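Coordinate-derived values only; no laboratory data. Not measured: the values here are computed from a predicted model. Methodologically, a virtual Cβ is constructed for each residue, glycine included, from the backbone with ideal geometry; neighbour enumeration extends over all protein chains shown.
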Amino acid sequence: MENPVMAPELVVSRWFNTPTPLTLAGLRGRVVLLHAFQMLCPGCVSAGIPQAERAHRMFRDADLTVIGLHTVFEHHAAMTPVSLEAFIHEYRLTFPIGVDQPGTNTPLPVTMQRYGLQGTPSTVLIGRDGQIRHIGFGREDDMAIGMMIGSLLAEAPISLPEPTSMPAGPCTDRGCSADVQS
């Protein structure tokens, strides 16, 4: 994206595959791949969901968080959280998945509206700074997504506060100083 904008916070009614709810604010400093899908979407099942799972496994030890967003805008009665839970189990999905909160007076869920997504599957890449760097709709090439993820991971991490100074001399419960005089 030429002029990145801050990623809107996710509005999720239920989470799967995570012990605590995730927030983009809590993930600041990490690269985020947000994969919006519907379990009855053929493109999601054949391409998008497997791609998200591969990215989750491939970049497990990197500063990448993959989040699935079940964003239902059709067939609402068939795509309930109970059905989604069975789907997640059946497809052995391991990345965190949130259920996009239904919209008010519209079939489009809240997060889908906030991001202006055209449909599913959609891929959103968010930089360490919390800004949207890419929004893609439909099937996207693995190599292209991998290149974008690699580029974002290669960007300098966000500066954290300076560590507190270590005491000179021997080891303490705060750590061991390398500034030891002979």
Exercise. In percent, what relative contact order does region 12-154 have, based on Cα pairs under 8 Å that are 6 or more apart in sequence?
Worked result: 34
Problem set entry | Efficiency of FRET from Cβ geometry, Glu9 and Gln118, R₀ 35 Å, rounded to 0.05 | 0.95
For this session: Would you please state which residues of region 1-33 a label at Met147 would reach in this model, taking the label point 7 Å out along Cα→Cβ and a backbone N cut-off of under 17 Å?
Result: 1-2
Exercise. Considering only DSSP beta bridges with both partners in region 12-154, what is the antiparallel share in %, to the nearest 5?
Worked result: 60
